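Worksheet: the structure to be examined is printed underneath.
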Amino acid sequence: MLLVDDDPMVRTGLRVILDDAAGIEIAGEAADGTEVADAAARHWPDVVLMDVRMPRMDGIAALSELQKRVSPPKVIMLTSFDVDEDVYHALEAGAMGFLLKDATPDELAHAIRVVHSGQAIISPRSTLHLLSHFHGGRPEAERRQATERCAALTSRELQVARAVSLGMSNQEVADDQHCSVGTVKAHLSRIMAKLDVPHRIGIALTLQRAGLL
């Protein structure tokens, strides 16, 4: 793990929490976005937990720099309760998820493990808040492209896509659709291929643009 936040008290609090989490090791810290690239090159973290808003270089710009690496680390963005457009852009730029700063220690550790495994994560509360905040505010070209991509989904794939967009886990979707987790994973692979997105957050953003949430 690499911790990135301009507030030293926040970094200390995160370190205290994560030092007690099994299987998670803090490799280093950075106090500003300008330090992230060097810190990542020095410590080779698997996951970066990074604040969205920082002086000199914010988290989105730092994320963009990380994405230029051959094997970039997975990034989770931290934000306050008030979801803003910075978070939306961070997800579009490649963040694997975002957490509110009032997340519990268990939620924090769980999110890190999920992202490390290659899955994106966003809490149901945050998903609904984010998507409702930006509903209808996208350019017409983006809405048209999203609508065309969603039209390629079968009715079952659209049901699965809506379910994961609202924060349901694979197991919850399987229970809801009366199928196996393996079947849900197969659906998700096809959905992501058809929508041309890398993870379930991309699914949510595409459905939101198309007006399907």
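Flag not set for ALA186, criterion: under 19 Å from the mean Cα position of the chain (by Cα), farther than 25 Å from LEU99 by Cα and modelled with pLDDT of 90 or more. Checked against the criterion of being among the aliphatic types (A, V, I, L, M) and either over 25 Å from LEU166 (Cβ atoms) or touching an Asp or Glu at 6+ places or on another chain (Cβ under 8 Å) (or both), the candidates ALA90, ALA62, ALA95 yield just one match: ALA62. For region 154-196, the helices (runs of 4 or more DSSP H) that sit wholly inside it and include 2 or more residues that are among the hydroxyl-bearing types (Ser, Thr, Tyr) and open to solvent by 20 Å² or more (accessible area, probe 1.4 Å) are 181-195.
The values are calculated or read from the model by the stated rules, or taken from the named source; none is laboratory data. Keep in mind the model is a prediction, meaning the values are calculated, not measured. Note: ideal-geometry Cβ built from the backbone for every residue, glycine included; neighbour counts use all protein chains shown. Accessible surface areas use protein heavy atoms only, side chains included; no ligands, DNA or RNA. Shrake-Rupley method; radii C 1.70, N 1.55, O 1.52, S 1.80 Å.
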